[in-house]
Structures are given as structure tokens and as C-alpha cells.
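This report concerns only the one structure given below.
Just so it is clear, none of the values below were taken in a lab; they were calculated from the coordinates. Quantities reported herein were computed from a predicted structural model and do not represent experimental measurements. When we count neighbours, we look across all protein chains shown, and the Cβ atoms used for this are built from the backbone with ideal geometry, even at glycine.
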Amino acid sequence: MTPMNDSGQEARRLSTVRWVLVLATVGLIFDGYDLVVYGAVVSTFLRDASQIGTVTPGIAGALGSYALFGVAVGAFLAGSVGDIIGRRKVMLASYAWFSVGMGLTALSTSTQTFGWMRFVTGIGIGSLVATTAALVSEYAPKDRKNLYIAICNGGIPLGSLLSAVLAILLLEHIGWRGMFWIGAVPMVTLLPLAYFKMPESVAWLAARGRLEEARALSERTGVEIPVASHQATTARSTGKSGFAGLFSRDYLFPTLVLGCMSATGLLLVYSLNTWLPELMLRAGYNAKGSLSFLAVLNGGSLFGALAASRAADHFGPKPVVAASFATGAAALVVLTFNFELAALLAVVAVVGLGTSGTQTLIYGFVANYYRTNVRAAGVAWCAGFGRVGGIGGPLLGSLLIGAGLELDYIFYILAGLGLLGMLLTLLVPLSRSALPAPTRHARTPHALSTPARN
């Protein structure tokens, strides 16, 4: 493709990329809010049976996992169709789905209904996570892909941070139901805006052989068709798409390792996001003080991941993700030391970088690892299989607390998981991302068709 010199086209390209990034980020802010708001209200359920019935630590862990079961289902469904029907349709359906789910959850009057509604909501959340990174990767400048994905996926910890802050400010005034109604706001805000401003992926259209549509969208948005997508079009008869391509000979081993890496990361993320406020309550802090740890945890993950993403664009994501896992493990051990509150909060921020922040980097790693016609499936696998670990997070916390373990030993166990994540990251082989399988050894003149560093 000839580089576009027309200033009007460049202006359209910049406008399109900004809209994609902003809408994707806002969508994941609500995504993160919806997933973590349960951790901000679980102490209410444990102490007040008049809300949804009697909730023990075991029941609380199960309720926390129901949403993550839904996320896994939604991610796999999105991976099955996202590379076939397109990114835009899946994302719009996801906004509507999880908004309705949050509203219905707010109306729950029993633990059974609450659990089912969390599962239903999780389906929409999972399908959005699985698709967003693929779309942003296909619109991001080639030298800033990890940064752009970190920015949009930074919406997840930002939403988590928002849920903690709003719980501190509003929970006693609007109750847990009001907190869940906030999660339904995208139905009347984000969804209409995305309908008019969120484009389909030009690269995806070209990779599916829909070149006339790709050229028309390229002209309208100012975003050129990558050469790699042309190659993918000519190779479609032999290059498998979606999950079939994901589990082909070329990608089988890295797919399995990336899935286990994501599962380990999300086991850490949801153990902490669900149980950190309760652990700090048991350590002697009051309700608002314990929620402040949740806010700092997610604040650290947000800003840490943005800084680390620049390093990932320079050095490749693999060493940065491994270092981030190791940093989180070390910080969890340091949490067992006797610190004053200010120092303890600083360490919790570093824990956030090494847990939720690492997961943000993982999505960028995966989105840039696979070629276009398996990219959504790859991110879906990372999000979906990873939720096996996420499902275990609330359950692991309830098991450790129910066993009567001291706080220090709980943090040591979580630190061990961080080291496991680092080892899995180091096992991921070199990326063959942008080239379709049948031509991956061919030389091409376009920068986007060279394998990404890892």
C-alpha cells in the first residue's frame, strides 16, 4: 500500500483511531466496574442476611465465581464468532448484554437469583474483553500497539478503582443495589454512541476477503489496508481462521502456554479483588479503610501497566510481562512485613502492577502474537481459558480464609502463583503474529507483516 499523504485522510485516520480507543476504553471501564463491584459489597452480604439471604464465606466465594463462569462462556462464544461476523457486532451486543444483566442483578432478592444474574452478566463482559483488544490492535499504530492496548485495557483496573471509590462515597447512601444500577448506565450512554462511532476493522474485512467493503471503509476512516491482510486473503484456503487456526500445528503450544499464563494471572487478580477488603477488615481496618486498599490496588495496576506498556513496545512484551509477574510476587511477600499505613499502601500499589497490571499487558501480548484471522480467537482464548483461573480466585480466597490461615501465609501462597506466571511467560516461543501460516517465511515490504517481538 502507498502511504497516505492527503491531509484530509490523515485527519480522518486520527479521528477514527481516537474514537476506537476512547470507546474501547470506556467499555472496559464499565467492564472492570461490573466485575469488581461485587468485591466492594461482599462484606455487606456477609454481615446482613436481610439483603439476599444468609451468605457465608463459602457462599460468597461461589457467588464471586458465577460472573467469571459467565465471562469464560462469553469469551469462548465471542472467539467462535468474532473472527467470522466481525468485531463491531460483538462489541455492540456485549454493551447491551452486560448493561441489562447489571440492572437485573440489582433487582435480585435471593442468593440463587443473584448468582444466576451474575453469570448472565458475565457472558456480556467476557465477549467484550475477548473482542476489544483485537479491534484496538488492528487500529493502533504499529509502533504503539502495546501502549494502545494497555490504555484501553487500563479501563478494567480503572473501572475497578471506580467501583471502590464509589463504594467509599456512595455505598451507605445508595446501597449495594444502587452500585449495581450504575453498571447499567452504558445502555443509554455508551451503546448509542458506539453504534454511530465504532467502525468495523478494516484489516478484518480484508482478511475475510471483503475487499470492496474494506476499501470503502478505508476511504471513509483514512485507515489503510495492511499488506498482511491482503496476504491473509490470498491464503484463506489453507490458513485456518478462528479456533481452528488457533489450535493448528503452528500455534498449538503457544496457545496452551498463553492460556495457562492468563489463568494464573487472573487467579491472582480475582483472589485479591474479591477478598482484599475482607482480609483488611480482618486485619483491623474499618470498612472505608479496607476499601481504600482495593482502590490503591487497582490504581497501581492502571498506572503501572501504562508505564510498562512503553517498555513492551520497545523491548517486546514477553520480558516485560515476566518481570511484572516477578514484581507482583515480590510485593506480595513484602506485604507480610510490618509497615506503617502509608508504606503499606505503596506496596499494595506495586502488587496491583504485578497482578491486574500484568493481566493488562498479557492482553496486549496475545493480541499482537496472532495473525489477523485468528486474533479474536486468540484473545478470546486468553480471556476465556484465563477465567478458569479467575473462577478459582474467589474460591481460593474463601478456601484459605475458611481454613483459618494467617494473613501472611495467604500472601505467600499468592506470591507463589506470581512466580508460576513468570515461568509460564518465559516458556512462550517467539511470535509468528502478523503472517498467515502458509506464507510466514516470506519476505514482505510492509512493516505490519513482520513478526512482533516478544
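Between the alpha-carbon centres of the stretch 348-387 and the stretch 149-201 there is a gap of 20 Å. With the gyration tensor restricted to C-alpha atoms of the stretch 11-449, the semi-axes of the equivalent ellipsoid amount to 36, 24, 18 Å, longest first. The sum of -39500 (n - 2.57) across all DSSP H runs of n ≥ 4, divided by the residue count of the chain, sets its helix-only mean residue ellipticity at 222 nm to -26500 deg cm²/dmol. Projecting the Cα atoms of I84, T111, P141 onto the dipole axis of the stretch 66-160, where Lys and Arg carry +1 and Asp and Glu carry -1 at the beta carbon, places P141 farthest toward the positive end. Here the convex hull built on the C-alpha positions of the stretch 74-116 has a volume of 56 cubic angstrom per residue.
Projecting the Cα atoms of V73, S163, T372 onto the charge dipole of the stretch 11-449, computed from C-beta unit charges around the Cα centre, puts T372 farthest toward the positive end. Charge dipole (Cα centre; +1 on Lys/Arg Cβ, -1 on Asp/Glu Cβ; no other charges) of the stretch 1-114 amounts to roughly 180 debye. The angle between the Cα long axis of helix 372-402 and the longest principal axis of the Cα atoms of the chain comes to about 10 degrees, rounded to the nearest 10. Counting only alpha carbon atoms, the long axis of helix 57-85 and the longest principal axis of the chain meet at about 10°.
Given +1 at the Cβ of Lys and Arg, -1 at the Cβ of Asp and Glu and no other charges, the dipole of the stretch 11-449 around its Cα centre is 1400 debye to the nearest 20. Would you be so kind as to identify which of I151, Y412, S301 lies farthest towards the positive end of the dipole of the chain, taking Lys and Arg as +1 and Asp and Glu as -1 on Cβ and the Cα centre as origin? The residue sitting most towards the positive pole is I151.
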